[in-house]
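K.L.:
Structure below; questions to follow.
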Amino acid sequence: MSEAAVHVGSGKVRELFQLDSERLLLVASDRISTFDVVLPTEIPDKGRVLTGLSGFWFARTRELVPNHLLALRPDARSTECRRLEMLPLECVARGYLAGSGWKDYRATGAVCGHELPAGLRESERLPEPIFTPSTKALEGHDENIDRAQAEELVGAERFAEVERVSLELYRFASEHAAKRGILIADTKFEFGLDPDGRLVLADEAFTPDSSRFWPADEYEPGRPQPSFDKQFVHDHCETLGWDKNYPAAHEPADRVLRDQGRPAMSGLPRPRVGVLVFPGSNDDRDAALALESLGAEPVLVWHAERDLPGVSAVVLPGGFSYGDYLRCGAIARFAPVMRAVTRFAEDGGLVLGICNGFQVLCEARLLPGALRPNTSLSFVCRDVPLAVEQADTLFTTRCEPGQPLSMPVKHGEGCYFADGDLLAELEANGQIVLRYLENPNGSVADVAAVINDSGNVFGLMPHPEHAVDPLLWPTDGALVLGSLVDAARERTLAAA
Ligand code: ATP
Ligand code: MG
């Protein structure tokens, strides 16, 4: 900055400098915020992406409404803008039912006073786009408000104007994006007034921080959508059990963090979790990465070990040569380390078996029942929908009872079997923890996961470790592995 620019404020994402009495310099940092809290990890070049997108839209919408942009600086993240008197209103336009709109609708049948038809599903397209303003909280969370409250803040006439302009902008951009295969589910604007009292679009426009972008070809109402915005960061943070206040104790488990070597989660101790490695394990690395991203310190343990290192939990990951030519897990259960695992489990240690690991636990009689070839006699490999049957086990504390989950399966012998008596006992004891909503393998009673009667050994056919990375989607595996990490951490703290 050549001229004397005076720092006049910091937003969650932008730094504000005054250039002169009429102009501001807005510098978009690489910070990312969610639930109005700035996360500790920056996303390289995010500020440039926001600036570029805003510039793109400001150029295309200035016929609809003037905007604050005067010039873009060569660093691609700084913009010279007109200094405005900002309206104390976040102007949200929605074409689909998502986020806080969906929450409000589910609770009240309306969003910000807009009565909507009954029976709309999550992510459903609204009959007409609606304007749903919220307060612009100086601290804490913005709150959705209705027309009367908004009119009180800016006056009825100005309200009508921002409503009309917001909806026009939304319609314009969503048409443009839809032709290119992207749905803009909703978006937020900030407006200000110039010295003559004219309405001017300010801040940013149609960025992934202010909007929900959904790939049109994967759009399917009735569930959350895959997205090109920061929704996955929200979703990930929802799985962490974080209270959404400062400090943000957890970072998103995204590629950025992985590439940067995953900085330690601030404050929270990392429980050591053993991940067994058999000669045929192939999901051991993914299990370790997933556990690490969820705040554990994974320790790989070779099958020939006779003792476990000091760990608070043990994971038996998936693999392919645990004796599949005999009966899955029938040989692996005799590995020396399994004696140590049995002692650990008998002492109340936390043990999780995934896929082949589940088979090994059944063969070792640490879990009831058995796994047989899929009734189709075909290998299945796809995401499957599941429902949480028991949310109060140590492996499902982060889940809600009845919560639908999606996780991948990939197995040829995942058909869970228990005879009538055993099944009745498992049902009566609440030991069936997850059930398939679409049974991929013929499991009896749609069983996808069971727990032993003392509640410390858990096995499931779906792969939670393949479902924690927001870039790969889905992320529901984090609920199961995160619950395990929470329980392991508690045990570490209790032992200390
Ligand atoms: P979020 O966008 O996540 O709600 P924030 O409100 O803290 O976070 P930032 O985008 O980090 O916002 O900071 C930008 C700040 O600058 C906001 O307070 C915004 O109202 C203000 N602002 C944007 N454009 C102008 C402008 N032309 N004149 C005056 N203030 C502006
Ligand atoms: Mg902002």
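K.L.:
Simple spin-label model, 7 Å along Cα-to-Cβ: residue 137 to residue 193 in nm?
P.N.:
According to this spin-label approximation, the distance is 2.6 nm.
K.L.:
List the chymotrypsin sites (Phe, Trp or Tyr not before Pro) in the stretch 330-404 that DSSP assigns to loop (not H, G, I, E or B) and whose Cβ has at most 14 other Cβ atoms within 10 Å. Which are they?
P.N.:
Those satisfying the criteria are 379.
K.L.:
Here's a follow-up. Explain nothing, just the number: relative contact order of the stretch 85-251, from Cα pairs under 8 Å at least 6 residues apart, as a whole percent.
P.N.:
24
K.L.:
Is the stretch 313-468 rounded, prolate or oblate when judged by the Cα gyration tensor, a ≥ b ≥ c being the square roots of its eigenvalues, rounded requiring a/c under 1.5 and prolate requiring a/b larger than b/c?
P.N.:
Since a/c stays below 1.5, the shape of the stretch 313-468 is classed as rounded.
K.L.:
Be a star and scan the stretch 400-432 for residues whose amide nitrogen sits under 14 Å from the point 7 Å along the Cα-to-Cβ vector of residue 391.
P.N.:
400-405
K.L.:
Let me ask you something else. Exceeding 31 Å between C-alpha atoms, which entries from my cross-link table qualify? They are 244/410; 103/136; 46/136; 103/179.
P.N.:
Pairs exceeding the cut-off: 244/410.
K.L.:
Continuing with the same structure: Contact order normalised by length for the chain, with contacts defined as Cα pairs under 8 Å and 6 or more residues apart; what percent is it?
P.N.:
Normalised by residue count, the contact order of the chain is 11 percent.
K.L.:
With each run of n ≥ 4 DSSP H residues scored as -39500 (n - 2.57), what mean residue ellipticity at 222 nm is computed for the chain after dividing by its residue count and rounding to the nearest 500 deg cm²/dmol?
P.N.:
-8000 deg cm²/dmol
K.L.:
Can you tell me what share of the DSSP beta bridges in the stretch 272-495 is antiparallel? A percent to the nearest 5 is fine.
P.N.:
Roughly 55 percent of the DSSP beta bridges within the stretch 272-495 come out antiparallel.
K.L.:
What do you get for the angle between helix 420-429 and the principal long axis of the chain? Use alpha-carbon atoms, 0 to 90 degrees, nearest ten.
P.N.:
50
K.L.:
Right, here's the next one. How long are the semi-axes of the equivalent ellipsoid of the stretch 85-251, defined as square roots of 5 times the Cα gyration tensor eigenvalues? Whole Å, largest first.
P.N.:
25, 20, 17
K.L.:
Under the Karplus relation 6.51 cos²θ - 1.76 cosθ + 1.60, θ = phi - 60°, what is the ordered set of whole-Hz ³J(HN,Hα) values for the stretch 332-345, x standing for Gly and Pro?
P.N.:
4, 5, 8, 4, x, 5, 5, 5, 5, 5, 5, 4, 4, 5
K.L.:
Each residue of the stretch 383-390 in order: what ³J(HN,Hα) in whole Hz does its phi give by Karplus 6.51 cos²θ - 1.76 cosθ + 1.60, θ = phi - 60°, with x for Gly and Pro?
P.N.:
After applying 6.51 cos²θ - 1.76 cosθ + 1.60, I find 6, 10, x, 10, 10, 7, 8, 10 Hz.
K.L.:
Report, for the chain, the % of DSSP beta bridges that are antiparallel, rounded to 5.
P.N.:
Counting DSSP beta bridges with both partners in the chain, the antiparallel share is about 80 percent.
K.L.:
Skipping prolines and chain starts, which residues have an amide H placed within reach, meaning under 5 Å, of the one on residue 132, given they are 5 or more residues away or on another chain?
P.N.:
Amide H neighbours of residue 132: 92, 93, 94.
K.L.:
Could you work out the relative contact order of the stretch 272-495, using alpha carbon pairs under 8 angstrom and six or more residues apart, expressed as a whole percent?
P.N.:
In percent, rounded to a whole number, it is 21.
K.L.:
Calculate one ³J(HN,Hα) per residue across the stretch 206-211 by plugging θ = phi - 60° into the Karplus curve 6.51 cos²θ - 1.76 cosθ + 1.60, and present them in order as whole Hz with x for glycine and proline.
P.N.:
Karplus-based 3J(HN,Hα) across the stretch 206-211 equals 6, 9, x, 7, 10, 9 Hz.
K.L.:
Pull out the extension gain between residue 347 and residue 334, defined as 0.36 nm times the separation in residues minus the alpha carbon to alpha carbon distance; nm, one decimal.
P.N.:
Length gained between residue 347 and residue 334: 2.7 nm.
K.L.:
Using 0.36 nm per residue, how much length does the chain from residue 175 to residue 365 gain when fully extended, once their Cα-Cα distance is taken away?
P.N.:
Contour length minus Cα-Cα distance gives 62.5 nm.
K.L.:
Roughly what would the spin-label model give for residue 8 and residue 223, points 7 Å off Cα along C-beta, in nm?
P.N.:
4.8
K.L.:
What FRET efficiency comes out for the pair residue 72/residue 152, r = Cβ-Cβ distance, R0 = 41 Å, nearest 0.05?
P.N.:
0.65
K.L.:
Where does helix 284-293 land angle-wise versus the long Cα axis of the chain, in degrees 0 to 90, nearest 10?
P.N.:
With rounding to tens, the tilt is 40 degrees.
K.L.:
Enumerate the aspartates and glutamates that residue 188 could reach by cross-link, defined here as Cα to Cα under 15 Å, with residues fewer than 8 away along the same chain left out.
P.N.:
Output for residue 188: 36, 90, 142, 143, 163, 168, 203, 204, 209, 229.
K.L.:
Helix 46-61 versus the longest principal axis of the chain: what is the Cα-based angle in degrees, 0 to 90, to the nearest 10?
P.N.:
50
K.L.:
Could you order the peptides 68-75, 128-135 from most to least packed, using the average number of other C-beta atoms within 10 Å per residue?
P.N.:
128-135, 68-75
K.L.:
Could I have the simple spin-label model distance between residue 42 and residue 421, label points 7 Å from Cα toward Cβ, reported in nm to one decimal?
P.N.:
For residue 42 paired with residue 421, the spin-label model returns 6.6 nm.
K.L.:
Set the Förster radius R0 to 56 Å, insert the Cβ-Cβ distance between residue 115 and residue 378 as r into 1/(1 + (r/R0)^6), and round the FRET efficiency to 0.05.
P.N.:
Using R0 = 56 Å, I get an efficiency of 0.70.
K.L.:
Let me ask something else. Kirkwood hydrodynamic radius (Cα pairs, Å) of the chain?
P.N.:
Computed over Cα pairs of the chain, the Kirkwood hydrodynamic radius comes out at 25.0 Å.
No value in this document is a laboratory result; all are computed from the given coordinates. All values derive from a computational prediction rather than experimental measurement. Neighbour counts are summed over all protein chains in view; Cβ atoms, including those assigned to glycine, are modelled from backbone coordinates with ideal geometry.
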